[in-house]
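Reading through the structure tokens given below for one structure.
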Amino acid sequence: MDLFGLLNRKMKPKKSLGQNFLHDINIVLKIQKALDLQSTDQLLEIGPGLGALTKHLLPSCKEYAAIEIDPRCIQELLFLEQEHAHFRIVQGDFLTINLEPWKNYTKVVGNLPYHIATPIMERIATELQPTKIVCMFAIGTADRYIATVGTPQYSSASIMMQSFFSMETVCTVKKGSFFPSPSIDSKVLSFTPKEVQIKKTLQFTKFVQKIFSYRRKTLYNAIKNSYSDRVASFIQSNCAILMQRRPEMCSMEDFQWVYQYYRETMYEKNE
Ligand code: SAM
């Protein structure tokens, strides 16, 4: 039974699981090209669904593991385990499953459930060590990740993703490429992890996240509200001009500068 037949007759896609299934082979081919799979690669797929990517990518790597939350999808893909000894499908929630078995997998792919894309990316950044990640997102989410300072899309998600990864746009995907069609277009991004200290980078991005919750305030007031007068005054005495800017006008380097002084206040006293 083809995808449409299956979905019409047997399996009602669940909106709560972000189930929009890809049926455009051109997009699959673009994802495949961006992944640049080698016969030595171990590939982890998040949310294989009904296997649009899986069936295509499976022959090109050494090991392939797929984590899927919906048992109905697992049922549809189990036959691939019989046909390909190097394929495993695992039922689980990517946000909570123990990722240890795939810690050293070399590449990650996924047409992600859009509502949890950012926590998924955070887990990949902090718990896995792939050399390349190719994932699909709602277009607004992808645009926030790659946004530059001063643009409306620029946010704490831009700083977080740009701290952990170098990113490239692979392609834009029209909503008609899925069944059922989502209400917005999508975008595929390719990520190359940067060499960073995970814990420090995570602490930095949490700091930026707090400040961005006061997007319309100056950095001084955002830090005062997020931490204290004392912290804001100390940073102000070291970088006064910067502290009059709004968070949306501060580059990653500006935030790193401010964060360095914030850390100094933390050594003096636990806030
Ligand atoms: N890869 C398929 C495709 O391109 O057609 C399906 C993509 S669909 C947008 C997202 C998939 O992620 C669905 O199969 C859904 O069941 C699965 N999913 C949703 N939440 C999940 C989670 N927390 N952990 C693992 N898989 C999840």
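No lab work stands behind these numbers, since they all come straight from the coordinates. These numbers were taken from a predicted model, which means no experiment stands behind them. Methodologically, a virtual Cβ is constructed for each residue, glycine included, from the backbone with ideal geometry; neighbour enumeration extends over all protein chains shown.
Using the Cα gyration tensor of the stretch 90-187, with a ≥ b ≥ c the square roots of its eigenvalues, what is the shape: rounded (a/c below 1.5), prolate (a/b larger than b/c) or oblate (neither)?
oblate
With contacts taken as Cα pairs under 8 Å and at least 6 residues apart, the chain reaches a relative contact order of 15 percent. Straight-distance candidates among the lysines for linking to Lys15, with alpha-carbon spacing under 20 Å and chain neighbours fewer than 8 residues away dropped: Lys174, Lys175, Lys187.
In the chain, the DSSP beta bridges split such that about 45 percent are antiparallel, to the nearest 5.
Here the stretch 59-205 carries DSSP beta bridges of which approximately 60% are antiparallel, counting only pairs with both residues inside. Can you tell me how the stretch 26-136 classifies by the Cα gyration tensor, rounded, prolate or oblate, using a/c under 1.5 as the rounded cut? Rounded, because the longest to shortest axis ratio a/c is under 1.5. Placing +1 on the Cβ of every Lys and Arg and -1 on the Cβ of every Asp and Glu, with no other charges, gives the stretch 3-196 a dipole of roughly 540 debye about its Cα centre.
Each Lys and Arg adds +1 at its Cβ and each Asp and Glu adds -1 at its Cβ; summed about the Cα centre, the stretch 87-243 shows a dipole of about 280 debye.
Let me make sure I get this right: for the stretch 3-196, a, b and c are the square roots of the gyration tensor eigenvalues over alpha carbons, sorted descending. Under 1.5 in a/c it's rounded, otherwise prolate if a/b > b/c, else oblate. Which is it?
Oblate, because a/c is 1.5 or more while a/b does not exceed b/c.
Under 25 Å of direct C-alpha separation, and excluding same-chain neighbours fewer than eight residues apart, Lys194 reaches these lysines: Lys30, Lys33, Lys62, Lys103, Lys107, Lys132, Lys206, Lys210.
Ranked by the mean number of other Cβ atoms within 10 Å per residue, highest first, peptides 106-115, 86-95 order as 106-115, 86-95. Taking packing as the residue-averaged number of other Cβ atoms within 10 angstrom, the listed peptides 172-183, 37-48 run from highest to lowest as 37-48, 172-183. The long axis of helix 71-83 is offset from the longest Cα principal axis of the chain by roughly 60 degrees.
In terms of surrounding Cβ atoms within a 10 Å radius of their Cβ, Leu35, Leu58 rank from fewest to most as Leu58, Leu35.
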